Amino acid sequence: MAQLTKAEYFPISPLILRPDFKVPFDIFLRHDDSYVLFNASGRTLTKAKRKELALAGIVTIYLDKRSRKLYHSYIQANLIDLLEDESISLAERAQAWTNAASALSQELFETNLPGPAFKKRYVRFQELIHSSTSFLKSPAPLKNLARFIGKGYGTYHHGISTMVYAVNLMQEYKFEDEDVLACGMGALLHDIGQVGMDEELLNADPETMGPAEFQAYAMHPLIGVRVCANFDLPVIATNCILFHHERVDGKGYPTQATGEEIPLPTRVVALCNRYDGLTRNRPYSRAIKPFDALKALTDDKGLVEPDMIKRFIKLLSRAEIV
Ligand SMILES: [Fe+2]
């Protein structure tokens, strides 16, 4: 076997691999600075082998970077079965989903924008969400998902979280699946216009920025729409990107639209964005508890209509998040 350097491997979670199924790529374990073959391509990863990893406290396994394509097709083909496999605990399935979504969306957010690779990765992520919608919108998985999606500083972490809440809240309004998916993709990409912005600006609190800084920061919804303009994003998704900082009291940006001028799926994203922002550690603020975040949202009369907040609270209560 050729000796590969550290840079030629990428980490994944073992939970993402379906037990008792053949794996089409080599799996390695890391020992200090070397990588040791654990499961050869084409061999079945048995439950016993997965358990062996868990007992040894191994939470990261490695694949050769040349296997990346195979790995993505594997996720696509197997994730939905894994999510429906009741022999795997809900917490493990929720973590597997989060790992898959994080890997795909990290790639999406790190792609040079705009470009053909972005479109390809967008479609791949869309397929992932499409195939896992029924898992995402059930209260029990949502409760488990909430434990995993609330972590991480990356724009893509916040995007995934906002998407999961938005998909669930859209269900409360009985939208067609196609519209739920479009809103979910808009939620995922709502801050895509921040990619490439100055790190210092993104680490600052928008509420205490000076006017010039805020003006630069407030461009991100417009930049987001511009970078996505060269491929056919559904109108619902584009609206979510463009208007996710609008408020029904007209004090948002960039257009100061009011009330129902802001489409409902966009108000859903505005609310979920705010909730995730409050409950996630940010460079400029500490996370607050779900209950306190919901109280802050209830007190903030002008973000979205009270009925939407009520539905959101009901949804989170059903999933036992609050
Ligand atoms: Fe934003």
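The values are calculated or read from the model by the stated rules, or taken from the named source; none is laboratory data. Predicted, not measured: the structure shown is a model, and the values here were computed from it. Methodologically, a virtual Cβ is constructed for each residue, glycine included, from the backbone with ideal geometry; neighbour enumeration extends over all protein chains shown. Accessible surface areas use protein heavy atoms only, side chains included; no ligands, DNA or RNA. Shrake-Rupley method; radii C 1.70, N 1.55, O 1.52, S 1.80 Å.
Of the numbered criteria (1) under 24 Å from Asn144 (Cβ atoms); (2) outside any helix (DSSP H, G or I); (3) within 24 Å of the chain's Cα centre (by Cα), the one Ser105 fails is (2).
Checked against the criterion of being closer than 25 Å to Met185 by Cβ and open to solvent by 30 Å² or more (accessible area, probe 1.4 Å), the stretch 269-277 has at least one qualifying residue. Candidates are the residues of the stretch 209-221 that are free of Cβ contacts under 8 Å to residues at least 24 places away in the same chain and assigned to a helix (DSSP H, G or I); the one that is nearest to the ligand (Cβ to nearest atom) is Tyr217. What do you reckon, is Ala229 in the same structural domain as Ala166 (by TED's automatic domain parsing), away from the ligand (no atom under 14 Å from the Cβ) and at pLDDT below 95? Judged against the criteria, Ala229 is a match.
Selection within the stretch 191-201: residues that are surrounded by 15 or more Cβ atoms within 10 Å (Cβ to Cβ) and part of a loop (DSSP other than H, G, I, E, B). The member of this set that is nearest to the ligand (Cβ to nearest atom) is Asp191. Taking the listed residues Ala166, Ala187, Ala204, the one that is under 30 Å from Ser285 (Cα atoms), within 16 Å of the ligand (Cβ to nearest atom), in the same structural domain as Leu271 (by TED's automatic domain parsing) and more than 17 Å from the chain's Cα centre (by Cα) is Ala204, with no other qualifying.
When the stretch 202-221 is limited to residues that are in contact with a helix residue (DSSP H, G or I) (Cβ under 8 Å, 6 or more places away or on another chain) and open to solvent by 50 Å² or more (accessible area, probe 1.4 Å), the one that is nearest to Pro254 (Cα to Cα) turns out to be Met219. Looking only at residues in the stretch 173-190 that are assigned to a loop (DSSP other than H, G, I, E, B) and open to solvent by 10 Å² or more (accessible area, probe 1.4 Å), the one that is nearest to Lys314 (Cα to Cα) is Tyr173.
Taking the stretch 120-137 as the range and being buried (at least 17 other Cβ atoms within 10 Å of the Cβ) and either without any contact (Cβ under 8 Å) to a residue 12 or more places away in the chain or of a type in the set (Phe, Trp, Tyr) (or both) as the test, the residues that pass are Tyr122, Phe125, Phe135.
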